[in-house]
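J.: This structure is in structure tokens; I'll ask about it shortly.
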Amino acid sequence: MKEIALIGPTACGKSALAIEMAKECNAFILSLDSLGIYKEIDIASAKPSKKEREEIRHFGIDVLYPNEYFNVAMFFDLYKNAKEEALTKGKNLIITGGSGFYLKAMIEGLSTTLKPKKETLDKIAKIMTDLKKAFDFIKGYDPSYAQKISDKDRYRIQKWYEIFLETDEVPSLYLKRNRQKPVIENIKIFNIKTERELLKERIKKRTALMIKEGIVDEVFYLEQKYKRDINPMKAIGIKESLEYLDGFCSLKELENKIAQNTAKLAKRQRTFNKTQFKNIQNLTKEKIKKEIYAYFKNCCLSP
């Protein structure tokens with residue numbers, strides 16, 4: 001069994017290329033997507049269609065319901081399961097998605113966190129209503145942690161409070177003492193190189209398609225079933241749709257907001273991928289195809 005990682009900014013075409021390569025190179029796919037892991041979030045996550053998932057076995061998609069607890073360490077288990085099944089079935093493995101942090105954690109190891117109690121999560125939900133105040137407390141209590149994150153990094157701010165409230169320890173020290181070993185070694189990483197203007201156009205088209213496919217109805221359903229306090233409701237596409245449902249913007253303004261925020265996300269992903277991975281190959285799609293064929297040549301169905 002051989003494995004590769006295929007990353008790149010949102011809307012650059014990772015999923016389509018991974019599926020194409022998986023068909024040609026006898027591979028399963030492990031999705032590294034923080035929203036695609038949830039059931040019932042289909043349009044906002046832009047996850048592969050059911051037909052595509054029937055053609056190629058995908059791991060890491062539709063694993064949890066939106067109100068179920070999730071942390072990055074769970075991807076370690078998803079990876080182990082995907083690799084074990086690939087080995088058993090004589091398949092290769094393509095790891096792909098926009099959440100580069102998950103890939104980095106699996107390569108370098110991860111400081112493990114706790115599974116917080118419901119009372120803790122309820123307390124944190126109230127704290128997180130004032131993100132600035134929540135961050136300022138971290139800055140004063142645990143400056144080592146605060147200097148490594150943004151004051152708008154909702155995910156890592158919440159993780160800090162989970163550790164702090166559950167252990168009553170300084171989270172930066174706790175994280176140093178509790179570290180899970182890496183699960184991936186010496187993996188080839190390909191980053192899809194896409195011109196910024198082209199990517200902006202792709203984002204606009206994908207956003208328009210989301211509106212057409214009914215993202216507003218999807219978010220309305222999610223809000224009715226799960227309310228607004230769960231983490232997935234803060235995701236791009238969902239939070240803007242809630243603003244639309246509240247009457248704060250028109251449908252066209254909603255489309256523009258989602259596209260603008262997605263473009264900002266793509267910029268952050270570019271920076272992360274560029275600075276956080278060693279030996280990464282930044283190539284166009286066509287060049288990546290050739291590289292993957294060459295790497296999987298003993299298993300590929302086409303040269």
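J.: Could you run through the range 194-227 and say how many residues are at pLDDT below 95 and either touching a helix residue (DSSP H, G or I) at 6+ places or on another chain (Cβ under 8 Å) or closer than 21 Å to residue 66 by Cβ (or both)?
T.: Residues that pass the stated criteria total 1.
J.: OK, next. Name the pairs whose Cβ atoms lie under 6 Å apart, with the first residue in the range 274-293 and more than 17 Å from residue 2 (Cα to Cα) and in the same structural domain as residue 99 (by TED's automatic domain parsing), the second of a type outside the set (Val, Ile, Thr) and part of a helix (DSSP H, G or I), and 6 or more positions between them or separate chains?
T.: 276/104; 285/17
J.: If you don't mind, there's one more thing I want to ask. In the list 39, 104, 14, 50, which residue meets the criterion of being in the same structural domain as residue 214 (by TED's automatic domain parsing), of a type in the set (D, E, K, R) and over 18 Å from the mean Cα position of the chain (by Cα)?
T.: Within the list 39, 104, 14, 50, the selection yields 50.
J.: If you check 138, 189, 184, which single one turns out to be assigned to a helix (DSSP H, G or I) and either β-branched (Val, Ile, Thr) or buried (at least 16 other Cβ atoms within 10 Å of the Cβ) (or both)?
T.: From the options 138, 189, 184, the qualifying one is 138.
J.: Tell me whether the range 98-109 contains one or more residues that are crowded, with 20+ Cβ neighbours inside 10 Å, touching a residue at least 12 places away in the same chain (Cβ under 8 Å) and polar (S, T, N, Q).
T.: Yes, the range 98-109 has at least one match.
J.: Among the residues of the range 118-135, which ones are among the basic types (Lys, Arg), within 23 Å of residue 68 (Cβ to Cβ) and either outside any helix (DSSP H, G or I) or without any contact (Cβ under 8 Å) to a residue 12 or more places away in the chain (or both)?
T.: If the condition is that a residue be among the basic types (Lys, Arg), within 23 Å of residue 68 (Cβ to Cβ) and either outside any helix (DSSP H, G or I) or without any contact (Cβ under 8 Å) to a residue 12 or more places away in the chain (or both), then 118, 126 are the ones that fit.
J.: Let me ask something additional. When you go through 165, 175 one by one, which is the residue that is touching a strand residue (DSSP E or B) at 6+ places or on another chain (Cβ under 9 Å) and either closer than 27 Å to residue 236 by Cβ or hydrophobic (A, V, I, L, M, F, W, C) (or both)?
T.: Going through 165, 175 in turn, just one is touching a strand residue (DSSP E or B) at 6+ places or on another chain (Cβ under 9 Å) and either closer than 27 Å to residue 236 by Cβ or hydrophobic (A, V, I, L, M, F, W, C) (or both): 175.
J.: Quick one: residue 138 ticks every box in (1) over 24 Å from residue 174 (Cα atoms); (2) aliphatic (A, V, I, L, M); (3) not assigned by TED's automatic domain parsing to the domain that holds residue 210 except a single one, so which number is it?
T.: Tallying (1) over 24 Å from residue 174 (Cα atoms); (2) aliphatic (A, V, I, L, M); (3) not assigned by TED's automatic domain parsing to the domain that holds residue 210, residue 138 fails exactly one: (1).
J.: Additional query: Search the range 237-258 for residues being free of Cβ contacts under 8 Å to residues at least 40 places away in the same chain and aliphatic (A, V, I, L, M), and hand back the single one that is surrounded by the fewest Cβ atoms within 10 Å (Cβ to Cβ).
T.: Result: 245.
J.: Looking at the structure I just gave you, is residue 276 within 22 Å of the chain's Cα centre (by Cα) and under 21 Å from residue 155 (Cα atoms)?
T.: yes
J.: Something else about it: Please indicate, with yes or no, whether at least one residue in the range 149-159 is among the basic types (Lys, Arg), buried (at least 19 other Cβ atoms within 10 Å of the Cβ) and in a helix (DSSP H, G or I).
T.: Yes, the range 149-159 contains at least one residue that is among the basic types (Lys, Arg), buried (at least 19 other Cβ atoms within 10 Å of the Cβ) and in a helix (DSSP H, G or I).
J.: Would you mind finding the one in 11, 27 that is buried (at least 21 other Cβ atoms within 10 Å of the Cβ), in contact with a Lys or Arg (Cβ under 9 Å, 6 or more places away or on another chain) and within 24 Å of residue 203 (Cβ to Cβ)?
T.: After applying the criteria, what remains is 11.
J.: Take the residues in the range 47-97 that are of a type in the set (Ser, Thr, Tyr) and outside any loop (DSSP other than H, G, I, E, B); name whichever of them is surrounded by the fewest Cβ atoms within 10 Å (Cβ to Cβ).
T.: 88
The values are calculated or read from the model by the stated rules, or taken from the named source; none is laboratory data. The shown structure was predicted, so the numbers you read here are calculated from the model rather than taken from an experiment. When we count neighbours, we look across all protein chains shown, and the Cβ atoms used for this are built from the backbone with ideal geometry, even at glycine.
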